[in-house]
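This report refers to the structure that appears directly beneath it.
The values are calculated or read from the model by the stated rules, or taken from the named source; none is laboratory data. As the structure is a prediction and not an experimental result, all values here were calculated from the model. Neighbour counts are summed over all protein chains in view; Cβ atoms, including those assigned to glycine, are modelled from backbone coordinates with ideal geometry.
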């Protein structure tokens, strides 16, 4: 059965707006939809980039073999506008999903990737909710001319998705009666992050505390009411951040003004550590429902009650926690004949070296060698291999990684055997001319020595895990989304 043109235009516009917006928020992303427009119609699947492939057994069980997907849903005719709270969430590994029903569309379940470096799935889930609402509205509206605006709106919903998630979580924690205006706070955070002071970008922590809970804080210094800088005066707040830059102190705001400074936990070298560290005993803990923005120069992290919500950079919010993604390295190490302790120790060591390079913004390469005896490489060998244990030795290894060339690490013994090692090899068709010399040298080198793994860290943050001349961490190639979606098959047809 073919669907009418208005139906397909609505579906394509909402799908593309959602997908393109998520690509900006989370990096390359796919989306998929299982839906039925009217009660009693068969469920259909819109999945042009094969996001749901591999999940067929669970989808068949959930939607076909049982009526599990209908559990808890109110009758369609009793839905006054929109209901997603009663829709059961379908847990598929590696995917974020959200379902619901409305007067315009009897049932929808949207899906997208749960990226390994996702701060929290909540904002992404709120974005799916907005797509769900928009498709319902578009399907019931005869105004085709408004569809372009629909697509553009869905692409620009990062701040809205983050806002909705924060509002929902704060309502659960402290109740809906709150005076913090989250949109104003998010706008101020972006403004401050874009405001340099004497050529330097913002650093330090700025906390937003519910006004009724400000009295619980122990202030190091508190400003009189008449002299408190307004939060929307970004330049003034940026100057105030100088007072807490690179210190354990936290600047405190009630969402409208800067109130004063409190003593926080120890100043952290990275935003990820800052979110995970609890303040030492005797130091101030922020009250429940507090937001904290950690400014780290050109980027920063936003957390709620100590849990990361999202990051921000280049004047926009992003889902990434900005930690190096080494999932592919962890998977590759499973193929090696190492015991669990050796594997976990080696992975922790490489993770630490990669994280240090990322924080200090220098490029490096780490050759992980499983051979016995080790491969003979051209570079500076150590007279005695250095065990990579303890802060001092790891810091030294991180310093040696700055020298041109690669670190040579023994996989079995977790030892640094050499540094400034040259990676050479003959040219082969798998090279990527869009990347630099270090990356292509790693491709050539591992193509010639297929048992090795080389981890390449670029100075602008990308981390590549290279083995057998292939970048294991490179995103897969997905089918292109057609200029107009084809008629979605029924779920039964799609499952085959």
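Can you pull out the residues in the range 1-31 that are within 19 Å of the chain's Cα centre (by Cα) and within 21 Å of residue 491 (Cβ to Cβ)? Result: 18, 19, 30, 31.
Residues in the range 295-304 include at least one that is touching a helix residue (DSSP H, G or I) at 6+ places or on another chain (Cβ under 6 Å) and either in the same structural domain as residue 114 (by TED's automatic domain parsing) or free of Cβ contacts under 8 Å to residues at least 60 places away in the same chain (or both).
Residues in the range 402-429 that are touching a helix residue (DSSP H, G or I) at 6+ places or on another chain (Cβ under 6 Å) and closer than 21 Å to residue 458 by Cα: 416, 419, 423, 425. Scanning the range 423-448 for residues that are assigned to a loop (DSSP other than H, G, I, E, B) and surrounded by 20 or more Cβ atoms within 10 Å (Cβ to Cβ) yields a single hit, 423.
Identify, from the list 99, 17, 72, 21, the residue that is part of a loop (DSSP other than H, G, I, E, B) and either more than 17 Å from residue 487 (Cβ to Cβ) or at pLDDT 85 or above (or both).
Working: 99 fails: part of a loop (DSSP other than H, G, I, E, B); 17 fails: part of a loop (DSSP other than H, G, I, E, B); 21 fails: part of a loop (DSSP other than H, G, I, E, B).
Going through 99, 17, 72, 21 in turn, just one is part of a loop (DSSP other than H, G, I, E, B) and either more than 17 Å from residue 487 (Cβ to Cβ) or at pLDDT 85 or above (or both): 72.
Are any of the residues in the range 477-496 surrounded by fewer than 14 Cβ atoms within 10 Å (Cβ to Cβ), out of contact with any strand residue (DSSP E or B) (no Cβ under 7 Å at 6 or more places or on another chain), modelled with pLDDT under 90 and within 18 Å of residue 429 (Cβ to Cβ)? Yes.
Can you tell me which residue within the range 41-56, out of those that are touching a residue at least 24 places away in the same chain (Cβ under 8 Å) and out of contact with any helix residue (DSSP H, G or I) (no Cβ under 9 Å at 6 or more places or on another chain), is surrounded by the most Cβ atoms within 10 Å (Cβ to Cβ)?
Going through the range 41-56, the residues touching a residue at least 24 places away in the same chain (Cβ under 8 Å) turn out to be 41-52, 55-56.
Pick out the ones that are also out of contact with any helix residue (DSSP H, G or I) (no Cβ under 9 Å at 6 or more places or on another chain) and you get 41, 50-51, 55.
Details: 41: 13, 50: 12, 51: 21, 55: 17.
Selected residue: 51.
Right, residue 291: modelled with pLDDT under 95, closer than 21 Å to residue 216 by Cβ and out of contact with any helix residue (DSSP H, G or I) (no Cβ under 6 Å at 6 or more places or on another chain) or not? If you could, list the steps in order and put the result at the bottom.
Values: modelled with pLDDT under 95: no; closer than 21 Å to residue 216 by Cβ: yes; out of contact with any helix residue (DSSP H, G or I) (no Cβ under 6 Å at 6 or more places or on another chain): yes.
Against the criterion (modelled with pLDDT under 95, closer than 21 Å to residue 216 by Cβ and out of contact with any helix residue (DSSP H, G or I) (no Cβ under 6 Å at 6 or more places or on another chain)), residue 291 does not qualify.
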